[in-house]
Amino acid sequence: MPSMASNDSTHTANINQLNGPKTDSLDRRQKIEQHRKALPIATVEKKLLEEVSNNDILIIVGETGSGKTTQLPQYLFNGGFCRNGGIIGITQPRRVAAVTVAKRVAEECGATLGQKVGYSIRFEDTTSSSTRIKYMTDGLLLREALLDPYLSKYSVIIVDEAHERTVQTDVLLGLLKTVQKTRSSSASDVACSDHTKPDNGAMLEKEAIVQSTSILKHSRGKKLSPLKLIIMSASLDARVFSEYFGGARAVHVQGRQFPVDILYTRQPETDYVDAALITIFQIHLEEGPGDVLVFLTGQEEIESIERLVQDRLPKLPESKRNISIIPIFASLPSEKQMKVFLPAPAGFRKVILATNIAETSVTIPGIKYVIDPGMVKVRTYDPNTGIEPLIIVKTSKAQALQRSGRAGRDGPGKCYRLYPENEFYKLKDSTMPEIKRCNLSNVILQLKALGIDDIIGFDFIEEPDRRAIIKSMELLFLLGALTDDGKLSDPVGHQMSRLPLDPIYSKALVVANQFSCLEEMLIVVSMLSVESIFYVPREKLEESRTALKSFSSTEGDHLTLLNTYRASDEFLEKGKLVSSNEKAEKNLRKWCKENFINNRSLKHARDIHSQIRRNVEQMGLRITSCGEDMLPLRRCLSASFFLNAALKQPDGTYRALSSGLTVQIHPSSVLFRAKPECIIFDELVRTNQNYIRNISIIDYLWLIELAPQCYALQE
DNA sequence: CGCATCTCA
């Protein structure tokens, strides 16, 4: 294809116009240019621009290393797609990706971050009025849609990594489909002559317009420009997306990866942990130098393999004991996570034991060997009980490919799949979309807030389970967010939908002023929203327990979390009085360590706290405090967590009132020994037992008083 | 007496 030359003159002209940092040496610029031109996608720049011009929806299948994420937005900018001030928005499922790619692209453009190129994620917005290429998380774009239902400032929206099929991506795709229809119909109202459509097409279009305008409110009067939509996926089947978007055109962009040899076992393995262990040693003893990445399902498995390897090392000849084991999983403190990026000691082989964090979130350089037992831990959802148990299942084909690809980033590699080849062909093509295995209450609240009332009729790329929809609608109704006829209630439902929280937490905030405890509830909800605040290492069990005692409350875990937050806040504020902010933050990290508190989680809770505090202030809520008396706070918790109430049974276990399940207080709770009669809890986790976590003591009569829709006085 | 694979607003 001769038209694919990459030395496009518009593009060069644009680079020259930019007023980037003067310190950029010509040399560095040239290197960036060379790198850009060497990317596989560079050969099809013109072709892609044509495709986008000719198709309002385009599916791009690009393998890893194609350069699609960094280059396509630049091509579109240079190709004039930001004319009239339109913005090119690119969504990512993860925050880190949005940040790192934006930084890279800003550098390639020779622009300061936040000017032409910027990113916007929760807690952080680097964009300005001059930003034209905007990277963001898909969840953030969904939030933007609440304020601007037509996403009118965007001329192009690129949904990247769509194959991952996160809930947010799936909902976004459904929304974008509607938005695009509405915008093109609005545009054709003002410029009909631009389009000449065949008759039956026009008919269908009309139907679509009627439907979309009834879905999205107040479209009249406003002239909107059409929206270009690009779906980017790394999966092999573009068909799903293409069919969803009415047979949209799909193009393929070559990737760039080193070859990876795939090896299978002859027989199925009965114990994949043991098989992984054997393979580690086999590679170490028989293969050439290079680091090893092993995919395991969880912390427990990782720690057990780590111990087993250490146990066996002394049995090896001394010259062969040069293995350095490095675990990585999400809940590991970040300084320990960073170890995967350090080179192993000279002459040592690095063996990284990882969860699926290493599939997408963390890219580790220098991996030559991948061991893939073919298993993964996934969250599921049981619409009958509302529990989301974690179960271990086989990976999908796509996942197996993603894992083996990790061995071919810096050179040719090998992947050991610990199952026979015929088993691979029996695997599912791709992982089940998250929307089919999660609680939908948040999704439904969002859609309702967007004016989409018919949830069952919503055009999802994949239908969620009908029972799951009903279960979540029921929850929202009981929380008072929905009216009898399924509409968002005013003001409770509207207020709840504006808060970036789980609906039950939002409810707790919305009603907190009736109990004069909004200040306290803001803290409690922030602390509940993050992953475990307390870090309890097995070897320092007693020590950590005494540390936590100073914060603990006899009334329950919610108040313990409140005390902990306040203690840390007080420590930080005091520190800021006597030294610089940075010094105070550093001291806080030390304080966290001494008190066995996960610093990352606490920081996250602080960020959430300041965001939702701003939110409730904007909603016009007065921030009231209950002072020393914590009774109103527990009553307020009862008024929002009433579906998570449990009563003690004669044998010391509890009965969860809404599901009827027998549950136990988790040993990490401050109420584990106390065993009060009536409690409310934050969540139910299923492992060997049904455990309930984050618990507070309440009075059963409060439930009857505060949640009469669920609890009636019984004679 | 013992848990959280991973994200997002």
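Key figures
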item	result
Lys/Arg +1, Asp/Glu -1 at C-beta; segment A:258-320 dipole; positive extreme among A:Ile302, A:Leu313, A:Tyr264	A:Leu313
Computed log₁₀ I(q)/I(0) - Debye formula, equal Cα scatterers, no solvent, segment A:273-347, q 0.25 Å⁻¹	-1.43
Diffusion coefficient, µm² s⁻¹, Stokes-Einstein with Kirkwood Rh over alpha-carbon pairs of segment A:12-164 at 4 °C and 1.567 mPa s	81
Percent of C-alpha pairs per 5 Å bin, segment A:549-617, short to long	3, 16, 23, 25, 19, 10, 3, 0
Sequence-distant residues sharing a close amide H with A:Leu479 (under 5 Å, placed H)	none
Pairwise FRET efficiency - A:Glu306 versus A:Lys428, Cβ, R0 = 30 Å, nearest 0.05	0.50
Per-peptide average of other Cβ atoms within 10 Å, ordering A:490-496, A:625-631 highest first	A:490-496, A:625-631
Antiparallel DSSP beta bridges within segment A:37-167, percent to nearest 5	10
Length-normalised contact order of chain A in % [C-alpha pairs under 8 Å, at least 6 apart]	10
Stokes-Einstein D (µm²/s) once Rh is taken as the Kirkwood radius of segment A:266-392 over alpha-carbon pairs, at 37 °C in 0.692 mPa s	209
Signed unit charges on C-beta, dipole axis of chain A, positive-most listed residue A:Leu113, A:His609, A:Gly85	A:Leu113
For peptides A:695-705, A:56-66, sequence by mean Cβ density within 10 Å, most packed first	A:56-66, A:695-705
Highest average packing first - A:387-395, A:307-315, Cβ atoms within 10 Å	A:387-395, A:307-315
Calculated [θ] (222 nm, deg cm²/dmol) that DSSP helices of n ≥ 4 give over chain A, each run adding -39,500 (n - 2.57)	-12500 deg cm²/dmol
Pairwise centroid distance, computed over Cα atoms, of segment A:384-447 with segment A:36-56, Å	30
Relative contact order for segment A:521-677, counting Cα pairs under 8 Å that sit 6 or more residues apart, in percent	24
Under 5 Å, built H, 5+ apart or other chain: amide partners of A:Glu683	A:Arg693
Computed E for A:Ala38/A:Arg83 - FRET, C-beta separation, R0 30 angstrom, nearest 0.05	0.55
A:Ser361 paired with A:Lys47, simple spin-label distance in nm, labels 7 Å along Cα-to-beta-carbon	3.7
Under 5 Å, built H, 5+ apart or other chain: amide partners of A:Leu227	A:Ser184
Net charge dipole size for chain A [Lys, Arg +1 and Asp, Glu -1 on Cβ; Debye, nearest 20]	1700
In sequence order, calculated HN-Hα J values of segment A:665-672 (Karplus, 6.51, -1.76, 1.60; Hz; x Gly/Pro)	6, 5, x, 7, 6, 5, 9, 4
Gain upon complete extension [A:Lys336, A:Thr265; 0.36 nm per residue less C-alpha separation]	22.3 nm
³J(HN,Hα) computed for each position of segment A:261-268 - Karplus, 6.51 cos²θ - 1.76 cosθ + 1.60, integer Hz, glycine/proline x	6, 9, 10, 10, 7, 6, 10, x
Charge sum, other residues only, whose C-beta stays under 10 Å from A:Asn644's C-beta, Lys/Arg counted +1 and Asp/Glu -1	-2
Fraction of antiparallel bridges per DSSP, chain A only, in percent to nearest 5	30
Proximal aspartates and glutamates relative to A:Lys576, as straight alpha-carbon distance under 18 Å, when same-chain residues fewer than 8 apart are discounted	A:Glu585, A:Asp607
Selection from A:Gly139, A:Thr43, A:Ile352 lying farthest towards where the dipole of chain A points positive, charges on Cβ	A:Thr43
Cα-Cα separations in chain A greater than 50 Å, expressed as whole percent	18
For segment A:388-453, convex hull volume per residue from C-alpha positions, Å³	142
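Throughout, read-outs are computed from the coordinates displayed, never taken from laboratory work. All of these numbers come straight from a predicted model, not from anything done at the bench. Ideal geometry is used to build each Cβ from the backbone, glycine not excepted, and the neighbour counts take in all protein chains shown.
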